[in-house]
1. For Ala171, only one of the following conditions fails: (1) in contact with a helix residue (DSSP H, G or I) (Cβ under 7 Å, 6 or more places away or on another chain); (2) farther than 26 Å from Arg231 by Cα; (3) surrounded by 21 or more Cβ atoms within 10 Å (Cβ to Cβ). What is its number?
2. What residue, of Pro230, Pro201, Pro154, Pro245, is exposed (fewer than 15 other Cβ atoms within 10 Å of the Cβ) and closer than 21 Å to Ile119 by Cα?
3. For region 254-277, enumerate the residues that are closer than 20 Å to Arg224 by Cβ, part of a strand (DSSP E or B) and either among the small types (Gly, Ala, Ser) or touching a residue at least 12 places away in the same chain (Cβ under 8 Å) (or both).
4. For region 136-172, which positions are without any contact (Cβ under 8 Å) to a residue 40 or more places away in the chain and closer than 18 Å to Phe103 by Cβ?
5. Which condition does Ala163 not pass, out of (1) within 27 Å of Leu219 (Cβ to Cβ); (2) exposed (fewer than 12 other Cβ atoms within 10 Å of the Cβ); (3) touching a Pro at 6+ places or on another chain (Cβ under 7 Å), if it passes all the others?
6. Gly91 versus (1) of a type outside the set (Phe, Trp, Tyr); (2) under 15 Å from Pro10 (Cα atoms); (3) modelled with pLDDT under 95: which is the lone unmet condition?
7. Please name all residue pairs, on different chains or six or more residues apart, with Cβ atoms under 7 Å, provided the first residue is in region 183-212 and is hydroxyl-bearing (Ser, Thr, Tyr) and the second residue is in a loop (DSSP other than H, G, I, E, B).
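The values are calculated or read from the model by the stated rules, or taken from the named source; none is laboratory data. Worth saying up front: this structure is predicted, and the values here are computed from it rather than measured. Please note: Cβ atoms are built from the backbone with ideal geometry, for glycine as well, and neighbour counts cover all protein chains shown.
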Amino acid sequence: MRLLFLGSGPFGIPALRRLQSLREDLMVATVPDARHGRSRSLRPSPIKSEALELGLDVHECDRLRGRAGRELLEQTGAQLIITADIRLILGSRFLEGPERGCFNLHGSLLPRWRGAAPIVRAILAGDEQLGVTLYRMVPALDAGPVVGFSSWNPPAAVTSEEAELHLSRLAADLLEQHLETLEMGAATLTEQSEDAVTIAPKVEKSEGWARWDGDSGFLDRQVRALKPWPRTRTRVARQAASSCPDEVILDQVSQIEGMPAADAGTVLEVTSDRIIVACGHGAVA
């Protein structure tokens, strides 16, 4: 079985490692090196870096539609494709090419949170249960029939960074559980309920401004959901002679009960180890 793994971001690394330990004929494809930071230096994707460390050959592609997709299939002869965090749109003909199909590992319990940022959106919404889904890919985004799920009840203070790491490991376990049936073309597929769909759009940097006008619970979720990017930040009113910065990053907040009502963003109390600030409802420190 000629197996091709497609990935870009770190979410797919545990699955790649698991496949490499289970199959000798594994091939890898990822996006080309991209420029980052002020220096604009070229950096490989996390999947490329990991694949090279594992001694795997890597194909690079910046699109998988039309000729580019056909060429990758011809070069690899892939019979089964597994994807995770690929960050590319796969054309319909590409999806139809492999004999055993294309299957994706997605960081939510589909059909909840289809889209680019499922973990962030789940934490923002206060979901008590997170998870991963293995499903067969179709042209519509994250809409294909499901092979299997793995769910997790995270701790109350979980951040997106922590959740992604844990869910990526669950994804590797889920893939191993179903790999043989995928290779045989014998997986049981269950259609998603369109009535239960929610969308997880890409996170924008502008979402990082602290929402003091909301309740304290939302601000707590915002700080956790937007860590490590774009982080939650707030402007600080200061006197001209003060050395206090104009903006600060909120690394962690805790909800505080029993504080008097005040305008959102008002500093209620300052001690040696915390600052208590009013929200639209409640307060945080």
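1. Every condition holds for Ala171 apart from (2).
2. On the way: Pro230 fails: exposed (fewer than 15 other Cβ atoms within 10 Å of the Cβ); Pro154 fails: exposed (fewer than 15 other Cβ atoms within 10 Å of the Cβ); Pro245 fails: closer than 21 Å to Ile119 by Cα.
Only one candidate qualifies: Pro201.
3. Gln255, Ile256, Ile276, Val277
4. Within region 136-172, Ala140, Leu141, Asp142, Gly148, Ser150, Leu170 meet the criteria.
5. Every condition holds for Ala163 apart from (2).
6. (2) is the only condition that Gly91 fails.
7. Pairs found: Thr190/Pro145; Ser193/Pro111; Thr198/Arg112; Thr198/Trp113.
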